[in-house]
Amino acid sequence: MVNELITNAAKYAYQGQSGGKIWVTVARMGDDDVSVSVRDEGAGLPADFDLRKPKGFGMRVVGFLAQQLKGSLAVRVRDPGTEFLVTIPRHV
Ligand SMILES: Nc1ncnc2c1ncn2[C@@H]1O[C@H](COP(=O)(O)OP(=O)(O)OP(=O)(O)O)[C@@H](O)[C@H]1O
Ligand SMILES: [Mg+2]
């Protein structure tokens, strides 16, 4: 999941720029969950981006993997940039 999300940030967030930052954060969320966040401060998502109807294969796989772990996938619009947040229960 992290590999795909970092690859996406590298491909789409900083187009036309020489580089940019990508943050990967793993954190405990309360007693039961772990969150994995991949965030950039790039161009932001296309207007028609819909997490529920992924167009690309990559986001589809990330969604399936989150499901398989009984977790969830969310996207947050940052200003600037985008954050993808995977939340996974620690004990499946
Ligand atoms: N971090 C991001 N910043 C801006 N746009 C993004 C970002 N991540 C994804 N996108 C947009 O979401 C679209 C769907 O991503 P997805 O990974 O599903 O497909 P893809 O990367 O185009 O192809 P694939 O992953 O199958 O090689 C991308 O084409 C891109 O437009
Ligand atoms: Mg992709």
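Here are the numbers for this structure:
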{"item": "Failed item in (1) more than 15 Å from the chain's Cα centre (by Cα); (2) closer than 21 Å to D79 by Cα, with R28 passing the rest", "result": "(2)"}
{"item": "Residues within the stretch 13-49 that are more than 15 Å from ligand 2 (Cβ to nearest atom), over 14 Å from L85 (Cβ atoms) and not basic (K, R), tallied", "result": "12"}
{"item": "S18 among the polar types (S, T, N, Q) and under 28 Å from H91 (Cα atoms)", "result": "no"}
{"item": "Close pairs (6 angstrom Cβ cut-off, 6 or more residues apart or separate chains): under 25 Å from K11 (Cα atoms) in the stretch 24-50, assigned to a loop (DSSP other than H, G, I, E, B) and at pLDDT 95 or above anywhere", "result": "D40/G81; E41/P80; E41/G81; G42/Y14; G42/G20; G42/G81"}
{"item": "Complete set of residues in the stretch 50-75 that are charged (D, E, K, R), over 13 Å from the mean Cα position of the chain (by Cα) and within 14 Å of ligand 2 (Cβ to nearest atom)", "result": "K55"}
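The values are calculated or read from the model by the stated rules, or taken from the named source; none is laboratory data. Predicted model only: the values in this text are computed from it and were never measured. Cβ: placed from backbone, ideal geometry, glycine included. Neighbour counts: every protein chain shown.
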